[in-house]
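The next block holds one structure in the form of structure tokens; read it before the comments.
Quick note: the coordinates plus some simple rules give every number you see, no bench work behind them. Given the structure is predicted, the values throughout are model-derived calculations rather than measurements. Please note: Cβ atoms are built from the backbone with ideal geometry, for glycine as well, and neighbour counts cover all protein chains shown.
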Amino acid sequence: MWERFHKRRDDGEAQDDASTTPAAWTLLLTKLGINSADEFEGLVVTYLREGRHETDEISKVVDSYCANANRLAANAAVQQFVEQFHWNVKLSDTELLAVAQRAVDRSMELDRYTISGLHAQIAQLAGGLAVADRMLDDWLVRFEEISANYEYGDPPFEQPLHPRIKAVMDRQRQSRVDRGTLAEAVASLIANQGWGHREEIVMKRATVDDYLDAMRTLEGKEFKMFLLKNLDILEQGPGLDQHFGDARHRFLEACRRLCQADPESRMAKLLHTIFAKSRVPNLLEAASSASDDL
């Protein structure tokens with residue numbers, strides 16, 4: 001492919017013959033057994049077209065392949081142990097521990113629910129509790145290292161967590177909520193088109209001063225998106241109050257204070273303009289005590 005592409009480019013040969021049609025490429029990929037493409041194929045195309053080596057991007061893709069392979073191997077080891085644990089009644093506890101060790105050796109690749117279940121089963125074996133606890137200790141040390149980038153989510157199918165894992169998760173989750181700012185929460189609402197526990201807590205506890213600080217410090221696109229998203233929440237009325245509490249009231253009060261502080265400022269003029277075009281054009285002019293209108 002590389003030689004053919006460069007020969008065509010050097011010779012100035014036309015690129016519109018049948019061999020370059022989408023159907024032809026699909027046929028070629030099918031013959032090669034390639035059912036789908038990912039980032040790596042895109043990098044190959046970039047190299048063929050432009051001769052550029054995207055070294056950093058290639059490294060990231062290769063690293064992701066290695067990570068996926070390691071996770072698959074770790075989960076395969078767990079499945080093998082679980083199968084032997086439940087169904088191979090001829091194996092002694094010592095032999096089962098040897099099978100479990102293959103999963104323990106790859107435990108850093110396992111998720112919190114798999115670790116919890118694995119710990120519970122290994123602990124049932126004679127001498128297994130010490131092995132299970134060491135595995136859990138090592139996993140928690142690793143988790144502390146990556147917790148800043150960890151994505152918390154609701155447990156699938158209400159799977160149980162080991163109490164120690166749950167305690168660490170709850171502490172880290174609360175710490176992240178405590179550090180979260182209003183601007184970050186609103187940005188997350190926009191980026192994810194939804195919200196989670198963290199966003200709900202931050203929005204519910206946001207004060208008028210928090211809104212004032214955000215609107216005074218944010219700039220450019222971040223300011224625009226912050227303003228429009230909060231106006232959207234305000235326009236939706238009480239429907240989101242169960243998730244965000246009095247957030248819309250606080251936002252409206254902040255807007256009113258900014259307009260009252262300097263009616264001729266560009267901020268005040270902007271707020272009047274966007275409210276005039278909204279579904280709630282009269283709320284900005286209403287008295288602050290007229291919360292019943294919301």
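Please tell me which of these pairs span more than 22 angstrom C-alpha to C-alpha: 204/269; 166/204; 224/277?
Those over the limit are 204/269; 166/204.
This model, with +1 at the C-beta of Lys and Arg and -1 at the C-beta of Asp and Glu, gives segment 181-293 a dipole about its Cα centre of some 280 debye. Computed from backbone phi with θ = phi - 60° and the Karplus coefficients 6.51, -1.76 and 1.60, the 3J(HN,Hα) list for segment 261-276 is 5, 8, x, 9, 6, 5, 4, 4, 5, 5, 4, 4, 5, 6, 5, 4 Hz; x is used for glycine and proline.
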